[in-house]
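Q: Got a structure for you, questions after.
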Amino acid sequence: MLDLQLAWDRPARAGSSESRHMLRIRITPQACVTAGLPLRMAIALDVSGSMHGVKLQHAKTACQAVAGLLRPVDRLWLSGFSTAVTEILHSEQGGRRACEKARDGIASLQASGITRTDLALQWIRDALKPEPGVSRAGILITDGKATDLHGTPMTDVQPLVAQAAGLGGSGITLYAVGMGDAAHFHTPFLTDLADRGRGEFMYARDPAQLESKMRERLASAQAFVVDQAVVVVKPQRPGVTVGPACRFRPSFAPLEAIGGTDVTSYAVGALTANQPTDVLMHVRAHALPFGERLGTYAVAEVAVQGGGSTSKAMASLEWTNSLVSAQTLNQEVDRDRLMWDVNLYADALQRTDDQNRTGELLKQIADTANAAGRQDVANRATTDLDELVRKGVHLPDRKTTLLEDARKTSGAA
């Protein structure tokens, strides 16, 4: 069901005590797999007091548009959340009836109360119960910081991040959407929710952007052919270790390693029929033992489990005496490696208020994105750096936009 293509950034130089490499694992559904699984989608819309006015109106329009694009095999749950959760659609089948019920239910939502994100995440989990042969996706839309039951912004959001991890672990792909001024919500929190939920963070600074972003996410979810894929890596030589990994395409997300030195697993999330999923992974290999000839040797067995099947491939690495050969890069893999670094810098940027550190990170993003051929990201970082120098401030909106741009990696390698 799945095809695997493995590529290294470069060969290994013989004689070195240790060589460090980047392995790209490209996962592509076989050509015969064209139709996405039936979709179960739950949308939790923030209707707290801060959503009053144009934000809520655009959010309502976006949710109604999603209802109108459901296939007959799909089902939609829709709720507003603030002090409590108000469900207005329950397992509604795609078609005219869903559009009518969504229109009527959405019209009744009014902005008031606080932002109980914990209740929204629990509602998504309760709505999207396990069901064979379907994919499940939750969308959380909010414009503000999560609050406790007294309406106080939460300083410790790790319990909510753990909720998102539980959704991802149960096979639910979670998208987190920030609306409006990024100063009013906490971008690192929303990205953590999306990453642990194995989904994607989206930013709609202009509320009018939300509808197009929701349409894109729905189309992506309707193309899911595997709801939960896991990459398993088993070293084949002594001294081979695998390290940090990320999902690089169709969108960036860090991956958490599960396991130890013998076998390491990474939960990748859903796979789509219309584009490959790329995983990048750091691999270290010891030098060839004394007396072992130069050549190509199996370094690690890579298996991808998902959709009831397992596909395997052997990652074989070449050892060479040639300095020129050992320094000859696979340009595609190296560009991806550079953009992984850009994403790490962009994430660190969200988590600092220090002006000097902000300037350093913007410079690193600009230089590294330029080397990777992502001129759009490099130009934005350069513009932001210039503004920081002139005004002494880097606005949350600009930080968040830069992060979202860096995470868009679905273009050709």
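Q: If the only charges are +1 at each Lys and Arg Cβ and -1 at each Asp and Glu Cβ, what is the size of the charge dipole of region 39-222 around the Cα centre, to the nearest 20 debye?
A: Its charge dipole is roughly 520 debye.
Q: Order these by the 10 Å Cβ neighbour count, fewest first: Ile139, Ile27.
A: Fewest-to-most ranking of Ile139, Ile27: Ile27, Ile139.
Q: Another question, then. Using +1 at the Cβ of each Lys and Arg and -1 at the Cβ of each Asp and Glu in the chain, identify which of Ala111, Gly306, Asn321 lies farthest towards the dipole's positive end.
A: Gly306
Q: Right, next: Of all the C-alpha pairs in region 39-222, what % are more than 21 Å from each other?
A: Of all Cα-Cα distances in region 39-222, 42 percent exceed 21 Å.
Q: Another one. Given the rule -39500 (n - 2.57) for each run of at least 4 DSSP H residues, summed and divided by the residues of the chain, what is its mean residue ellipticity at 222 nm, to the nearest 500 deg cm²/dmol?
A: -11000 deg cm²/dmol
Q: Over region 265-413, calculate the relative contact order: mean separation of alpha carbon pairs under 8 Å at least 6 apart, over the residue count, as a percent.
A: 16 percent
Q: Next question, about the same structure. I need Met314, Met22 ordered by Cβ neighbour count within 10 Å, fewest first.
A: Met314, Met22
Q: While we're here: Could you give the nm distance between label points at Arg237 and Ile258, where each point is 7 Å from its Cα heading toward the beta carbon?
A: Each label point is offset 7 Å from its Cα along the Cβ direction, giving 2.9 nm.
Q: What whole number of Å gives the distance from the Cα centroid of region 338-392 to the Cα centroid of region 240-311?
A: When both Cα centres are located, 28 Å separates them.
Q: Okay, next question. What is the angle, in °, between the Cα long axis of helix 158-169 and the longest principal axis of the Cα atoms in the chain? Nearest 10 is fine, range 0 to 90.
A: On a 0 to 90 degree scale, this one is about 70.
Q: Tell me the relative contact order for the chain as a rounded percent, counting alpha carbon contacts under 8 Å between residues six or more apart.
A: Contact order relative to length: 19 percent.
Q: Can you tell me the order of 43-51, 302-310 when each peptide is scored by its average per-residue count of other Cβ atoms within 10 angstrom, highest first?
A: Details: 43-51: 24.9, 302-310: 17.3.
For the peptides 43-51, 302-310, the packing ranking is 43-51, 302-310.
Q: Give the order of Glu200, Glu211 when sorted by the count of other beta carbons within 10 angstrom, beginning with the fewest.
A: The fewest-first ordering by Cβ neighbours comes to Glu211, Glu200.
Q: So if each residue of separation counts as 0.36 nm, and I subtract the Cα-Cα distance between Asp3 and Ala208, what length gain in nm does that give?
A: Answer, rounded to one decimal: 69.9 nm.
Q: Give me the Kirkwood hydrodynamic radius of the chain in Å, from all C-alpha pairs, to one decimal place?
A: By the Kirkwood definition, the hydrodynamic radius is 22.5 Å.
Q: So for each of 91-97, 277-283, 289-295 I average, over its residues, the number of other beta carbons within 10 Å; can you give me the resulting order with the highest mean first?
A: In descending order of packing, they fall as 277-283, 91-97, 289-295.
Q: Could you calculate the FRET efficiency of Asp397 with Lys312 from 1/(1 + (r/R0)^6), where r is the beta carbon distance between them and R0 is 45 Å, rounded to 0.05?
A: The computed FRET efficiency comes out at 0.50.
Q: Can you work out the FRET efficiency for the pair Asp156 and Arg351, with r the C-beta to C-beta distance and R0 = 25 Å, to the nearest 0.05?
A: Using R0 = 25 Å, I get an efficiency of 0.95.
Q: When a/c reaches 1.5 or more, the comparison of a/b and b/c decides; with that in mind, is region 131-261 rounded, prolate or oblate per its Cα gyration tensor? Before the final figure, lay out each step's value.
A: Working: a/c = 2.05, a/b = 1.51, b/c = 1.36.
Judged from the Cα gyration tensor, region 131-261 comes out prolate (a/c at least 1.5, a/b above b/c).
Q: What FRET efficiency comes out for Glu332 versus Glu216 if R0 is 30 angstrom and r is the Cβ-Cβ distance? Round to the nearest 0.05.
A: Efficiency, from the Cβ-Cβ distance: 0.75.
Q: Going toward the positive end of the dipole of the chain, with +1 on Lys and Arg Cβ and -1 on Asp and Glu Cβ, which of Phe185, Pro38, Ser410 do you reach last?
A: Value computed over the given set: Pro38.
Rule-based calculations on the coordinates, nothing more; no lab input. Quick caveat, the model's predicted, so the values are computed rather than measured. Methodologically, a virtual Cβ is constructed for each residue, glycine included, from the backbone with ideal geometry; neighbour enumeration extends over all protein chains shown.
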